[in-house]
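First comes the structure, then the notes that go with it.
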Amino acid sequence: MTSDIGVAATVSDTTRKTAPLTPARVALVGNPNSGKTALFNALTGSRQKVANYAGVTVERKEGVLTAPSGRQMRVLDLPGTYSLRARSPDEAVTRDAVLGKLAGEAAPEALICVADATNLRLVLRLVLELKQVGRPFVLALNMFDIAQRQGLRIDLERLSKELSAPIVTTVATRKRGLPELLEQVEGLVAAQKPEAESVWREPTAAEIRAAHAEAQRIFKACVKPPERPDTVTGKIDSVLLHPVAGLVILLTLLFVMFQAVFTWATPAMDGIDAGFAALVEFTNAHLPQGLLTSFIADGLIAGVGSVIVFLPQILILFFFILMLEDSGYMARAAFLMDRIMGGAGLHGRAFIPLLSSFACAIPGIMSTRVIDNREDRLTTILVAPLMTCSARIPVYTLIIGAFIPQQTVAGFLSLQGLVMFGLYASGIVSALLVSFVIRRVFWRGAVEPFMMELPTYRWPEPRNVAMNLWTRARIFMARAGRIILPLMVLVWVLSTFPYPPEGATGPAIDYSIAGRLGQFLAPLMAPIGFNWQMTVALIPGMAAREVAVAVLGTVYAVGGEDGETGALSTLLKNQWSLASALSFLAWYVFAPQCLPTLGVVKRETNSWVWPTVMFVYMVSLAYLAAFVTYHVAVALGAG
Amino acid sequence: MSEAFVLSSEFEPPAADPAGVRPLAAAGPGDRGVIVKVTGVSGAEEAVAAEELERRLLEMGFVEGARIEVLHQGLFGRDPIAVRVDDTRVALRRREAGAVSVKFDGR
């Protein structure tokens, strides 16, 4: 089996020169679902760097590798595409990188075009486009083991001649064919043929047809249809895409996923919480009391802790998302959800970002990059924070625990659980309503076409999933850390200065800028039933929603640093009316109590307009919802 | 496998044809046939220009002469649909499927 994996043909048998010192620049291009990222992972291992391309929010993944000859190479993993005719920012990067026109990037010396060997028809057209560009490339026929298992016969020599490019067969997940691939790439780089003039331009419809005809001719000449075609995908689809059963399975899957995100993550999160609390305590105990200690303990350590505490949930969520993506199910989920989301004016692809937003809106907003159309993408970004993120849970748990009696309704449903469910549901429903309003009132006009390949089902490769998970975690930590940490420091400054006067009786925060601001804003919040302590808690709560719990502990002077919720909830029960508590919950469903999210929106949209729009609409909704909730509750006698 | 490649670039709205040619938008699961015409005109209001829609359809493999089979449809409004175009499975909405005319040859 291994013997026929290898080099099929070489066009330019290498005129190898002495190994140059500068690393060769290589870029990977290919259709989505061709195993391009798996090949990238197999080639570069852990030597990867993820950043953004200059000026655009498209992820730039580069890895370094050493070819068998000792030659260093820098490999760029370009976003997957069906055509160089770009439709999304991601695809524009691929086009510009291939053409060597990407600002701040040196043109690649050679391209590796990655193709799914079992699905060559569409990629051949892309290959024909690459040929027009004139940059040397090698075609990697990936997943060749599956092609062989299906009995697919590909005349590699003929195909190589037709495309005038070397072809290497690979199995990225088993690391097969990689030395041969690198040898070919090195050959292309070493040959340094005077670059052919690029004759590529955006093809017209007629030219795409002609290219299809040419691709079809090559396909028929070189590929014999498989003896044992894949029938598994069709069988699985007849269940998973069944109009009713498919939706039920999807909802069950989502349910299991949320259970996992919230239950599996709890021990790790508690551990991290306890660890950071201990660290804060240790710092306070062992460093001299003073400003610097307070800054290190309450500003820096608590700040870092508030980011890291979400890592377990985000890892579990991304684990599920990666499994669903790698297995090919994610496209099916988008198919099943398209109509439901489309009714609210959202694109089927908005499903993944909105799903991620249940853990945290930040990775959710970052993943809206999969949406091609700008207006579809902005709508998704604007509603993503309405999804109940995990930072709201501590707040919800505290208030529900304090005010909602522990009793069962209808025999088996817990009333507390029901309220929690209601809060989640109002988040989802309002997100759909808001996007509906945005698309009907502000951005009228037709929706972007929905067209998506449904890839063949495959078993996710554990190594590949692990590597992608690691990459995701690193991106989250780096980006969230860069935004959240300075904000935490800012909030610490606001809640620390100025100091309370000598002989002050109240908690220190009352005298700080945050405290004064809270008291100043209190009359504004009185109509929705908030007392000034609640209002004060909202200000540091802008750094991250769950911080409000700790601040409530501080202003009511209970529990100390980590705010014992047991004592706090008893206290709140005596201090707040039920109407105020419900109003506080309603506020938290909508309020943009999260500066990091607004920061990410600014980064992703490259403008202050959208964070401003988001802030204004969410505050208005929050105020309205809290107002209605408070007054209805008071009218019902809960005041 | 189909041999005929109709290389036409002029636009004509999809018309009802007596020889079993219907827009893909009107098809249901199990219907199969050969694509006879791809235009950018779906009959519905589109966010993209006709030329753009035509090119996107072509890039996903919706090209004259390709074999097509409707595999699945969604629950609400029987939308979107999943089709097999030659060897590729593609999901699309019925509105865009209106731009693809298919000569159906039975179930």
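What FRET efficiency, computed as 1/(1 + (r/R0)^6) with R0 = 56 Å and r the Cβ-Cβ distance, is obtained for A:Val64 and A:Glu281, rounded to the nearest 0.05?
According to the calculation, E is roughly 0.85.
For A:Met542, what accessible surface area do you get with a 1.4 Å probe? Give it in Å², rounded to 10.
Result for A:Met542: roughly 40 Å² accessible.
To the nearest 500 deg cm²/dmol, what mean residue ellipticity at 222 nm is calculated for the protein assembly as shown from DSSP H runs of n ≥ 4 alone, each contributing -39,500 (n - 2.57), summed and divided by the residues?
Here the helix-only value at 222 nm equals -15500 deg cm²/dmol.
Give the shape of region A:340-479 as rounded, prolate or oblate, defined through the alpha-carbon gyration tensor: a ≥ b ≥ c are the square roots of its eigenvalues, a/c under 1.5 means rounded, and otherwise the shape is prolate if a/b is larger than b/c and oblate if not.
Judged from the Cα gyration tensor, region A:340-479 comes out oblate (a/c at least 1.5, b/c at or above a/b).
Computed FRET efficiency, Cβ-Cβ of A:Val619 and A:Ala206, R0 45 Å: what is it to the nearest 0.05?
The pair A:Val619/A:Ala206 has a calculated efficiency of 0.30.
Report, to the nearest 10°, how far helix A:329-343 tilts away from the longest principal axis of the Cα atoms in chain A, using its own Cα long axis and a range of 0 to 90°.
Its long axis makes an angle of about 60 degrees.
Provide Rg over Rh for region A:588-639; use the alpha carbon set for both Rg and the Kirkwood Rh (inverse mean inverse pair distance).
We get a ratio of 1.20 for region A:588-639.
Dividing the alpha-carbon Rg of region A:117-234 by 2.2 N^0.38 Å yields what?
Normalised by 2.2 N^0.38 Å, the Cα Rg of region A:117-234 equals 1.14.
Give a residue-ordered list of calculated ³J(HN,Hα) values for region A:225-240 (Karplus: 6.51 cos²θ - 1.76 cosθ + 1.60, θ = phi - 60°; whole Hz; x for Gly, Pro).
x, x, 6, 10, x, 5, 10, 5, 4, x, 5, 4, 4, 5, 8, 6
Return the loop-located trypsin sites (Lys or Arg not before Pro) in region A:376-449 (DSSP other than H, G, I, E, B) with at most 13 other Cβ atoms within 10 Å of their own Cβ; answer none if there are none.
Hits after loop and neighbour filter: A:Arg444.
Rounded to the nearest percent, how much of the accessible area of the protein assembly as shown (1.4 Å probe, protein heavy atoms only) is carbon and sulfur?
Heavy-atom surface of the protein assembly as shown belonging to carbon and sulfur, 1.4 Å probe: 63 percent.
Treat the protein assembly as shown as a sphere of radius equal to its Kirkwood radius over Cα pairs and apply Stokes-Einstein at 25 °C in a medium of 0.890 mPa s; give the translational diffusion coefficient in µm²/s, rounded to a whole number.
Roughly 87 µm²/s, to the nearest whole number.
With the cut-off at 1.5 for a/c, could you classify region A:217-349 from its C-alpha gyration tensor as rounded, prolate or oblate? Kindly include the intermediate steps, with their values, before the conclusion.
Numbers: a/c = 3.38, a/b = 2.65, b/c = 1.28.
Note, shape of region A:217-349 comes out prolate.
If I take every Cα pair under 8 Å that is 6 or more residues apart in chain A, average their sequence separation and divide by the length, what percent do I get for the relative contact order?
Numbers: 974 pairs, mean separation 69.4, N = 639.
Over chain A, the number comes to 11 percent.
Given H placed 1.01 Å from N in the peptide plane, which residues other than close sequence neighbours of A:Arg176 have an amide H under 5 Å from its amide H?
Under 5 Å from the amide H of A:Arg176: A:Val171.
To check you understand DSSP bridge types, tell me what percent of the beta bridges within chain A (both residues inside) are antiparallel, rounded to 5.
So the antiparallel bridges in chain A amount to around 50 percent.
Interface size between chain B and chain A, please: total buried accessible area, 1.4 Å probe, rounded to the nearest 100 Å².
Buried area between the two chains comes out at roughly 4100 Å².
Accessible area per residue, 1.4 Å probe, Å², for region A:306-385: what's the number? Can you show the working numbers first?
Numbers: 1740 Å² over 80 residues.
Accessible surface, normalised per residue, equals 22 Å².
How do A:Trp264, A:Trp492 rank by accessible surface area computed with a 1.4 Å probe, from largest to smallest?
A:Trp264, A:Trp492
In this model, which of A:Lys101/A:Lys224; A:Lys161/B:Lys103; A:Lys161/A:Lys224 are farther than 28 Å apart at the alpha-carbon? Each step should come with its number before you reach the end.
Numbers: A:Lys101/A:Lys224 38 Å; A:Lys161/B:Lys103 35 Å; A:Lys161/A:Lys224 17 Å.
Violating the 28 Å limit, Cα to Cα: A:Lys101/A:Lys224; A:Lys161/B:Lys103.
The values are calculated or read from the model by the stated rules, or taken from the named source; none is laboratory data. As the structure is a prediction and not an experimental result, all values here were calculated from the model. Note: ideal-geometry Cβ built from the backbone for every residue, glycine included; neighbour counts use all protein chains shown. For the accessible areas, the whole protein counts, side chains as well, though only heavy atoms, and no ligand, DNA or RNA atoms are used. Shrake-Rupley method; radii C 1.70, N 1.55, O 1.52, S 1.80 Å.
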